[in-house]
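S.K.: Take this structure first; my questions come after.
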C-alpha cells in the first residue's frame with residue numbers, strides 16, 4: 001500500500017457503471033437458462049461437492065482479506081467512487097484482482113455444487129468480459145491516478161494469478 005494517501009475528487013473514478021458482482025450473476029443466470037434449454041451431463045456428486053467446498057472457502061477468504069486491506073487503507077471498494085490509496089500488500093502481492101478472483105472461485109463453486117456444466121463452459125467468457133468491462137477500466141484509472149507507482153506494481157504482479 002502506498003505510504004501516502006492521495007486525495008481524490010468525488011467525480012474521479014474508474015468509470016465502471018455497474019457493480020462487478022452483477023456480471024458474475026448475469027453469466028450464471030445465462031448458464032442456468034442454457035442448462036434448462038440444453039441440459040448437459042452432470043459431474044459425480046462427491047467430486048463436485050468437495051471441489052465446490054474448497055473453491056468457495058478459498059474465494060470467500062480472498063474476498064474477506066481484500067476487503068480488510070481496502071478498509072485499512074481507507075479506500076473505497078466501490079468502482080464508482082475514487083481510490084485514495086493503492087493497495088499492494090497482503091494478497092495484492094500475488095494478484096492485482098483478488099476480489100474478482102474470489103468471486104470467480106465462488107462462481108465455479110456454485111457451478112460444481114449444482115453441476116451446472118454450462119457455467120463452467122461460460123467461465124472463460126466471464127473472465128474476458130470482466131477484463132474488458134471492468135478490469136481494463138480500473139487499470140486505466142489506477143494508472144492515471146497513481147502513475148509510475150501503479151505501472152511498477154502492474155509490471156510485478158499478475159492480473160489474475
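S.K.: For residue 70, only one of the following conditions fails: (1) free of Cβ contacts under 8 Å to residues at least 40 places away in the same chain; (2) over 19 Å from the mean Cα position of the chain (by Cα). What is its number?
M.R.: Unmet condition: (2).
S.K.: Moving to a separate point now. Can you tell me which of 118, 160, 113 is within 30 Å of residue 40 (Cβ to Cβ) and modelled with pLDDT under 95?
M.R.: On inspection, the qualifying residue turns out to be 160.
S.K.: Report, by residue number, each residue of region 31-62 that is outside any helix (DSSP H, G or I) and surrounded by 14 or more Cβ atoms within 10 Å (Cβ to Cβ).
M.R.: Listed by number, the list holds a single entry, 43.
S.K.: Buried (at least 19 other Cβ atoms within 10 Å of the Cβ) and either within 30 Å of residue 44 (Cβ to Cβ) or out of contact with any strand residue (DSSP E or B) (no Cβ under 8 Å at 6 or more places or on another chain) (or both): is that true of residue 101 in this structure?
M.R.: yes
S.K.: Taking the criterion of being part of a loop (DSSP other than H, G, I, E, B), surrounded by 17 or more Cβ atoms within 10 Å (Cβ to Cβ), at pLDDT 90 or above and on the phi < 0 side of the Ramachandran plot, would at least one residue in region 9-20 satisfy it?
M.R.: yes
S.K.: Now for a separate question. Only residues that are closer than 30 Å to residue 48 by Cβ, in contact (Cβ under 8 Å) with a residue 12 or more places away in the chain and surrounded by fewer than 16 Cβ atoms within 10 Å (Cβ to Cβ): list them for region 132-158, please.
M.R.: 133, 158
S.K.: Condition (residue is more than 16 Å from the chain's Cα centre (by Cα), touching a residue at least 40 places away in the same chain (Cβ under 8 Å) and within 20 Å of residue 18 (Cβ to Cβ)) applied to region 82-89: is it met by at least one residue?
M.R.: Yes: one or more hits.
S.K.: Only residues that are within 9 Å of the chain's Cα centre (by Cα) and not in a helix (DSSP H, G or I): list them for region 92-109, please.
M.R.: Once the filter is applied, which keeps residues that are within 9 Å of the chain's Cα centre (by Cα) and not in a helix (DSSP H, G or I), region 92-109 yields only 97.
The values are calculated or read from the model by the stated rules, or taken from the named source; none is laboratory data. These numbers come from a predicted model, not from an experiment. Cβ atoms come from the backbone with ideal geometry, glycine included; neighbour counts cover every protein chain shown.
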